[in-house]
Amino acid sequence: MTTNNDRILRTGFAERLCHWAVVLCFFLAAVSGISWFFPTVSWMSGLLGTPQMARLLHPFLGIAVFAGLCYMFARFVGYNMPARTDAIWFRRIREVLMNKHDGEPLQIGKYNAGQKVLFWLIMASILVLMISGLIMWRAYFAEYFPIPVLRLAILTHAVAGIGLILLIVGHIYLALWVRGSITGMVTGYVSRAWARQHHDRWHGELEAKDAQAASARGRGA
Ligand code: HEM
């Protein structure tokens, strides 16, 4: 059963564990990356012990982020496919931003259209970071590529890295802005009222599923 009286399971334990592990690895990889990109904050590479340690660990942290996001991709992609009703969210974005939920239902599934866009941008960025990162990884692969390819990989890696950091800043802002969503990612559960307010179609689908299960149980008794 996905719902009980007033709480609904939004994110399972394995997915939450993976999300927070990705957050930790991403934070450490991003801090070390930024420390090389902007000389004024080069001291930040000390967060991983020494600058040498940061240099060593950064690619492995990146691989951990990639692996975690591959798992999340597999678990969440089905909920992030474009739907016809996403157009309603885009059309009525002002109402959404003003937190007005009293008009016609917005028909939002498990994730809203904005979350879906962010999902695909995050996944695209990590793929670009992974490919360019492997090419420029001096310890193992860089020697197999000509200098122009390495230069392009380094540039692409920097642009995709900054891009992903900005996307994550937006993601955190939105997570803080929609009250209750971080609780959902920590405990796994959201309130029924939260689900109805922010993801009305998803809430309706869960209720229909539970009603079906209850009537099947009734028939079996
Ligand atoms: C402090 C940092 C972060 C916070 C507070 C945070 C918060 C959240 C929350 C609350 C959700 C669930 C949203 C919902 O249930 O509607 C979520 C989902 C997600 N987060 Fe994060 N997050 C953080 C960092 C990250 C990072 C660093 C990544 C990836 C590099 C990431 C990737 C994702 C993905 C892929 C989802 C699933 C969204 C979807 O399927 O559309 N998050 N996050």
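The values are calculated or read from the model by the stated rules, or taken from the named source; none is laboratory data. Please read all numbers here as calculations on a predicted model, not as lab measurements. Note that each Cβ is placed from the backbone with ideal geometry, even for glycine, and that neighbours are counted across all protein chains shown. When the accessible area is computed, the model is the full protein with side chains, heavy atoms only, and any ligands, DNA or RNA have been set aside. Shrake-Rupley method; radii C 1.70, N 1.55, O 1.52, S 1.80 Å.
Brief remarks follow.
- Peptide ranges 44-54, 60-70 listed from the most packed, as the mean C-beta count within 10 angstrom indicates: 60-70, 44-54
- Cα lying deepest toward the dipole's positive end in the range 70-221, options Gly78, Ala213, Ala153, charges on Cβ: Ala213
- 22 Å tail of the calculated P(r), the range 9-214, as % of Cα pairs: 56
- Per-residue ³J(HN,Hα) for the range 46-57, Karplus 6.51 cos²θ - 1.76 cosθ + 1.60, θ = phi - 60°, Hz, x for Gly and Pro: x, 4, 9, x, 10, x, 5, 5, 4, 4, 6, 7
- Dipole in debye (nearest 20) - the chain, about Cα centre, beta carbon charges: Lys, Arg +1; Asp, Glu -1: 260
- Options Gln115, Ile8, Ala29, ranked by Cα towards positive dipole end of the chain, top entry (Cβ charges): Ile8
- Whole-number accessible area per residue in Å² for the chain, which is evaluated in the context of all protein chains at 1.4 Å: 62
- Couplings 3J(HN,Hα) for the range 62-78, derived from phi with the Karplus relation 6.51 cos²θ - 1.76 cosθ + 1.60 (θ = phi - 60°), are x, 5, 5, 4, 4, 4, x, 6, 4, 5, 5, 4, 4, 6, 10, 4, x Hz, where x marks Gly and Pro.
- Total formal charge among the other residues, if their Cβ is under 11 angstrom from that of Met185, Lys/Arg +1 and Asp/Glu -1: +1
- Pairwise FRET efficiency - Arg219 versus Ile182, Cβ, R0 = 35 Å, nearest 0.05: 0.30
- With the helix formula -39500 (n - 2.57) applied to DSSP H stretches of n ≥ 4, the chain reaches a computed 222 nm mean residue ellipticity of -23000 deg cm²/dmol.
- Portion, in percent, of the accessible area of the range 135-221 that falls on carbon or sulfur, probe 1.4 Å: 68
- On Cα atoms only, tilt of 113-135 relative to the major axis of the chain in degrees: 20
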